[in-house]
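Novice: Following this message is one structure expressed as structure tokens.
Bear in mind these aren't lab numbers, they're just calculated from the coordinates by the rules spelled out. Treat the numbers as computed from the prediction; the structure is a model and nothing was measured. Every residue, glycine as well, gets a Cβ built from its backbone with ideal geometry; the counts of neighbours run over all protein chains shown.
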Amino acid sequence: MESRVNYFGNALAGKVLKHINSAGKVVADSTLPAAIQELVKIRASQINGCGFCTDMHIKDAAHAGETAQRLHLVAVWREATVFTEAERAALEVAEQGTRIADAAGGVSDEAWANAAKHFDEDQLVALISLLGVINAYNRINVINQQPAGDYQPGQFG
């Protein structure tokens, strides 16, 4: 599989990515725990069928110390006992926020209230923003058919 265009080598794409990356950096530097950020990015990428982002974020999470067991269970987090209540709340918001077209009301009041039990307002803003950023990246890479598998942790940083 080859990408449709060399998105990472295109000057216009570079300008777009600069702004998306800036937003991503603000979120990364927020008080939303880094492990939760990676879990959310992995789950949204799985839902969107973005192999490139799924590969990247699983490798980044493993490099940061996440266990293989937890990474293997992200896709089935509801049935897994290895996630905290805060992680489960974030993953629920991630799923509902990613599946907006499938869920008539977007994120349910119940899912939001549960997340609000675990995260302060800045962390909730970070979670919303993180979902916007990762969903943008997923769409770019899926539309471009960006191949997965070759990413190395820290490759873009």
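Novice: Just to confirm the number: angle between the C-alpha axis of helix 85-98 and the first principal axis of the chain, 0 to 90 degrees, nearest 10?
Specialist: That works out to roughly 50 degrees.
Novice: Can you order the peptides 137-144, 82-89, 106-113 by their average number of other Cβ atoms within 10 Å per residue, highest first?
Specialist: Answer by packing, highest mean first, reads 137-144, 82-89, 106-113.
Novice: Now for a separate question. Put +1 on the Cβ of each Lys and Arg and -1 on the Cβ of each Asp and Glu in the stretch 7-144; which of GLY51, ALA126, ALA11 then has its Cα farthest toward the positive end of the dipole?
Specialist: Result: ALA11.
Novice: To the nearest whole percent, what portion of all C-alpha pairs in the stretch 118-157 is separated by more than 12 angstrom?
Specialist: 70 percent
Novice: Give me log10 I(q)/I(0) at q = 0.08 Å⁻¹ for the chain, Debye formula, one equal scatterer per alpha-carbon, no solvent.
Specialist: Result of the Debye calculation: -0.22.
Novice: Could you tell me how many degrees, from 0 to 90 and to the nearest 10, lie between the Cα long axis of helix 11-28 and the main elongation axis, the longest principal axis, of the Cα atoms of the chain?
Specialist: With rounding to tens, the tilt is 20 degrees.
Novice: Right, something else. What size of dipole, in debye to the nearest 20, comes out for the chain about its Cα centre when the only charges are +1 on Lys and Arg C-beta atoms and -1 on Asp and Glu C-beta atoms?
Specialist: 520 debye
Novice: With only alpha-carbon atoms counted, please give the Rg and Dmax of the stretch 84-154, in Å.
Specialist: 14.2, 39
Novice: Oh, and also: Could you check the simple spin-label distance between ALA64 and ALA80, using points 7 Å along Cα→Cβ, in nm with one decimal?
Specialist: So the label points at ALA64 and ALA80 sit 1.4 nm apart.
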